[in-house]
Amino acid sequence: MNSFTSLCLKLTGLVFILSFLLDGFILPLPYQFNQSQWQVGFVTTFVDRGIVPLLGIILVLIAYWIDANNKDVIPRKSRFELRWPIFIFSTLLGLVFLLMIPVHINNINQIKNNALTQIEQGVDQGEGQIQAFLAQVNTLSQNPQRLDQEISQRTQVIETGRFQGQPINTEQLQTLRQQREQLTNLRDLSKSPKEFKQKLDEIKNQLQTQLQERRKQAESQANLEALKQWLRIGIQSMLLSISYSLIGWLGIRELGSMKKRSA
């Protein structure tokens, strides 16, 4: 019975190990080694499944422990020693998981920097849109008839709830109402140049403040996501590296000592 249990544990352990290796080849398809995003996904998947071969190795070692304590089994020198490749494989995995840490951190930094660059570009575009909007408003203030048309168009869309035949959502409706209110105020203020300029500066400051707040939120989110990836994958990979390395090194040393005693 102990021999059958030992055999089942060895087979199960090998299935775990082979399943991990198979996933390591299939899941990353198609291979895109030169892309940081692909590398991050590969390392994340590899590390997340890193416990699978560890369980397989433990099952194989338990099976050998059962064999060593089974008095009904007569040890044979010709029997294939599975523990040698297992310990070598464990040592190699420890090295792989260790090397993945700096690679992953470097890729996460690149992705974060790209995200920050896109945020900066978005801010520049937002600044341009603000300037264009203010220039448009200033032009409209000098053309009362055009200003009335703009107000009338927004009023019609708000009342019908549709723009160019398509329904608008609640957020768009709220934006239109704010624009109509701002244009109405500007129309009234256009009769007083001094008050109009103050209002225009107020709108400019308000829009720029909102833009900077969105920028800070986006940058904070990008930094937070990068930190979460650093901590989760980095720590997990380090723990796996230590576990596999210890099992491999200690196992190889123990088998070496056993071989010398039996010689």
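The values are calculated or read from the model by the stated rules, or taken from the named source; none is laboratory data. Please read these numbers as outputs of a predicted model, since none were measured by experiment. When we count neighbours, we look across all protein chains shown, and the Cβ atoms used for this are built from the backbone with ideal geometry, even at glycine. These area figures cover heavy atoms from the full protein model, side chains too; ligands, DNA and RNA do not enter into them. Shrake-Rupley method; radii C 1.70, N 1.55, O 1.52, S 1.80 Å.
If a residue has to be among the small types (G, A, S) and open to solvent by less than 40 Å² (accessible area, probe 1.4 Å) to count, how many in the stretch 161-189 make the cut? Reasoning before the result, please.
If we filter the stretch 161-189 for residues that are among the small types (G, A, S), which is where we start, we get 161, 165.
Imposing the further condition that a residue be open to solvent by less than 40 Å² (accessible area, probe 1.4 Å) reduces the set to 161.
Residues in the stretch 161-189 being among the small types (G, A, S) and open to solvent by less than 40 Å² (accessible area, probe 1.4 Å): 1 in total.
Looking only at the stretch 94-135, which residues are free of Cβ contacts under 8 Å to residues at least 40 places away in the same chain, surrounded by 12 or more Cβ atoms within 10 Å (Cβ to Cβ) and closer than 20 Å to K199 by Cα?
Q129, Q131
Looking at the stretch 41-55, which of its residues are open to solvent by less than 40 Å² (accessible area, probe 1.4 Å) and assigned to a loop (DSSP other than H, G, I, E, B)?
Within the stretch 41-55, G50 is the sole residue that qualifies.
When the stretch 125-144 is examined, which residues are found to be assigned to a helix (DSSP H, G or I), closer than 10 Å to R187 by Cα and either out of contact with any Lys or Arg (no Cβ under 6 Å at 6 or more places or on another chain) or at pLDDT 80 or above (or both)?
Of everything in the stretch 125-144, those that are assigned to a helix (DSSP H, G or I), closer than 10 Å to R187 by Cα and either out of contact with any Lys or Arg (no Cβ under 6 Å at 6 or more places or on another chain) or at pLDDT 80 or above (or both) turn out to be V137, S141, P144.
Of the conditions (1) open to solvent by less than 80 Å² (accessible area, probe 1.4 Å); (2) at pLDDT 90 or above; (3) not hydroxyl-bearing (S, T, Y), L246 satisfies every one except a single condition; which number is it?
(1)
If you take the residues in the stretch 1-40 that are among the small types (G, A, S) and at pLDDT 90 or above, which one is most open to solvent (accessible area, probe 1.4 Å)?
S19
Among (1) farther than 30 Å from L134 by Cα; (2) open to solvent by 60 Å² or more (accessible area, probe 1.4 Å); (3) at pLDDT 80 or above, where does S220 come up short?
Just one mismatch for S220, condition (1).
Yes or no: the stretch 190-204 includes at least one residue that is over 45 Å from the mean Cα position of the chain (by Cα), under 29 Å from V123 (Cα atoms) and of a type in the set (K, R).
Checked against the condition, which is being over 45 Å from the mean Cα position of the chain (by Cα), under 29 Å from V123 (Cα atoms) and of a type in the set (K, R), the stretch 190-204 yields at least one hit.
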